[in-house]
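Novice: The structure's right below; bear with me while I get my questions together.
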Amino acid sequence: AQSVTQLDSQVPVFEEAPVELRCNYSSSVSVYLFWYVQYPNQGLQLLLKYLSGSTLVESINGFEAEFNKSQTSFHLRKPSVHISDTAEYFCAVSDRYTDKLIFGTGTRLQVFP
Amino acid sequence: SQTIHQWPATLVQPVGSPLSLECTVEGTSNPNLYWYRQAAGRGLQLLFYSVGIGQISSEVPQNLSASRPQDRQFILSSKKLLLSDSGFYLCAWRSGTFSSYNEQFFGPGTRLTVL
């Protein structure tokens, strides 16, 4: 069965610093990969996704993630974070044969001024 | 466009009382529907999912049940709440037609506190 590992439960960082949130999944069988963001007391919003094609995917607010098949990773990066990026970030994986997403345990990004 | 609603937004219930949380989706038909629970400091746990009216799959044994009385309505229930049922409950949907990926769209959530 698929599983997702987010190694860091919390990542504190200062504003305008770069950040990387790590995500590894368990299988290299054809997968779709997602990053969701959750602001306090809200539902999850899709941040970006990898389906096929270019291994580097970008969001509209400056985040990017790179699909690395050999390392079974899908790390999320941003070169310069803002206070407003403070939130919980979830990595998720699905395969092409199930109706379910498998989520990691989440990483809380805390941006300090 | 599609929207997903959940109510109530917050709920405080005593132990042993019943529960009913509702989720509705607009702007799509025959969606797949999902209930997740997010306990404090933990990730998302899939509780139930449904691919059609009356079709419910349970992911984990627990004190809760789910029903889908209409195509775009998904209800989470309990006859007697436990303290461990406290958490943030999220409903989600995805297209039920064949699609090349499984992107899910989430509702705003219900914060349940059992005292």
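Novice: Does segment A:39-54 contain any residue that is closer than 17 Å to residue A:11 by Cα and within 14 Å of chain B (Cβ to nearest Cβ)? Outline the logic, then answer.
Specialist: First pass over segment A:39-54, keeping only residues closer than 17 Å to residue A:11 by Cα: A:39-40.
Filter once more, so that each one left must be within 14 Å of chain B (Cβ to nearest Cβ): A:39-40.
Yes.
Novice: Next question, about the same structure. Given the options B:78, B:1, name the one that is away from chain A (no Cβ under 14 Å), over 23 Å from residue A:94 (Cα atoms) and at pLDDT 95 or above.
Specialist: Unique residue meeting the criteria: B:78.
Novice: Every residue in segment A:75-99 that is more than 14 Å from chain B (Cβ to nearest Cβ) and not in a loop (DSSP other than H, G, I, E, B), please.
Specialist: Once the filter is applied, which keeps residues that are more than 14 Å from chain B (Cβ to nearest Cβ) and not in a loop (DSSP other than H, G, I, E, B), segment A:75-99 yields A:75, A:76, A:77, A:78, A:83, A:84, A:85.
Novice: Picking from B:105, B:74, which residue would you name as being open to solvent by 70 Å² or more (accessible area, probe 1.4 Å) and hydrophobic (A, V, I, L, M, F, W, C)?
Specialist: Of the residues listed, the single one that is open to solvent by 70 Å² or more (accessible area, probe 1.4 Å) and hydrophobic (A, V, I, L, M, F, W, C) is B:105.
Novice: Here's another thing I want to ask about it. Would you mind stating whether residue B:67 is within 22 Å of residue B:3 (Cα to Cα), open to solvent by 40 Å² or more (accessible area, probe 1.4 Å) and either more than 9 Å from chain A (Cβ to nearest Cβ) or not acidic (Asp, Glu) (or both)?
Specialist: yes
Novice: So in segment B:34-56, with the set limited to residues that are more than 9 Å from chain A (Cβ to nearest Cβ) and small (Gly, Ala, Ser), which one is surrounded by the fewest Cβ atoms within 10 Å (Cβ to Cβ)?
Specialist: B:40
Novice: Residue A:24: of a type outside the set (A, V, I, L, M) and within 14 Å of chain B (Cβ to nearest Cβ), yes or no?
Specialist: So residue A:24 fails the test.
The values are calculated or read from the model by the stated rules, or taken from the named source; none is laboratory data. As the structure is a prediction and not an experimental result, all values here were calculated from the model. Here Cβ is always computed from backbone atoms with ideal geometry, including for glycine, and neighbour counts include all displayed protein chains. Quick note on the areas: whole protein, heavy atoms, side chains included, nothing else; ligands and nucleic acids left out. Shrake-Rupley method; radii C 1.70, N 1.55, O 1.52, S 1.80 Å.
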